[in-house]
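The values are calculated or read from the model by the stated rules, or taken from the named source; none is laboratory data. Small disclaimer: the values here were computed from a predicted structure and weren't measured. Cβ: placed from backbone, ideal geometry, glycine included. Neighbour counts: every protein chain shown. These area figures cover heavy atoms from the full protein model, side chains too; ligands, DNA and RNA do not enter into them. Shrake-Rupley method; radii C 1.70, N 1.55, O 1.52, S 1.80 Å.
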Amino acid sequence: MKPERYQVIYNWFKERPYAYNALCSATKGLPMLVAFAYGWLLFWQAVFCKAGGHMLVRLIGVPAVTLVLGSLIRKLYNAPRPYEKGIQPLMEKQTKGQSCPSRHALSAGVIAAVWFMVCPPVGVGVLLLAVGVCVTRVLAGVHSIWDVTAGLLFGLCFGLTGMVL
């Protein structure tokens, strides 16, 4: 997104404190909801479904491996963040580089994928939360559309593939 275009978004939120506060809350709250959904999945599988060790290893291992691979790609690619390219973010962040893929989007995507393989309706719900995570990261000015799209798709693809294999 060009700095001029983002400035319109920035101004809109800054002129509407209620919208800015809602964005701040969503930026922090949506990833926490996704994390809670993941914790609930592990708890539910271990306690209520009495999932065997193989299933729990997959439910823990697939997201872990996906996050490590995504972090490695992110470090090697080392894409600049939007605020390093002239965009003033709505949320202050000091991190330099390593913007793509977005780890928030990647994590939300892989959690949606593992949920989808266990319970598709909940997986769709978590996917909607993941899209919300992506939107808030872009609106906050800490990631580009490409960063979150790459993260979400990477998380979904590796999550689904890992669960099927």
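Counting only protein chain heavy atoms and rolling a 1.4 Å probe, the accessible areas of Lys93, Lys2 rank, largest first, as Lys2, Lys93. Overall form of the stretch 69-126: oblate. Here a/c, set by the Cα gyration tensor axes a ≥ b ≥ c, is 1.5 or more, and a/b is not larger than b/c.
Counting only aspartates and glutamates at least 8 places from Lys75 when in the same chain, those with an alpha carbon closer than 17 Å to its own are Glu84, Asp147. Close amide-amide hydrogen proximity is noted between Gln98 and Asn78, Ala79, each under 5 Å apart and 5 or more residues distant or on a separate chain (H modeled in the peptide plane; Pro and chain starts excluded). When peptides 59-65, 97-103, 6-12 are sorted by average Cβ neighbour count within 10 Å, with the highest value leading, the order is 97-103, 59-65, 6-12. Carbon-plus-sulfur fraction of the accessible area of the chain, 1.4 Å probe, in percent? On the chain, the fraction of accessible area on carbon and sulfur atoms equals 71 percent. Packing, taken as the mean count of other beta carbons within 10 Å per residue, orders the peptides 150-159, 73-82, 107-116 from highest to lowest as 107-116, 150-159, 73-82. Separation of the stretch 136-165 and the stretch 1-27, taken as the distance between their Cα centroids, equals 22 angstrom.
Bridging of Lys14 to lysines at a Cα separation below 26 Å is possible for Lys2, Lys28, Lys85, Lys93, Lys96, once same-chain residues fewer than 8 apart are set aside. By the gyration tensor of its Cα atoms, with a ≥ b ≥ c the square roots of the eigenvalues, what is the shape of the chain: rounded for a/c under 1.5, prolate for a/b over b/c, or oblate? It is prolate, given that a/c is not under 1.5 and a/b is the larger ratio. When the Cα gyration tensor is reduced to axis lengths a ≥ b ≥ c, the ratio a/c is 1.5 or higher for the stretch 3-72, and with a/b not above b/c it is classed as oblate.
Computed on the chain, with alpha-carbon pairs under 8 angstrom and 6+ residues apart, the relative contact order is 29 percent.
Rolling a 1.4 Å probe across all protein chains gives Met1 an accessible area of roughly 90 Å². Solvent-accessible area per residue in the chain equals 53 Å², computed with a 1.4 angstrom probe and all protein chains kept. Expressed as a whole number of Å, what is the distance separating the alpha-carbon centroids of the stretch 105-130 and the stretch 46-77? Here the answer is 13 Å between Cα centres. Our coupling estimate for the stretch 70-86, obtained by passing each phi through the Karplus curve with A = 6.51, B = -1.76, C = 1.60 and θ = phi - 60°, is x, 5, 5, 4, 4, 5, 5, 6, 6, 5, x, 7, x, 6, 8, 10, x Hz, Gly and Pro reported as x.
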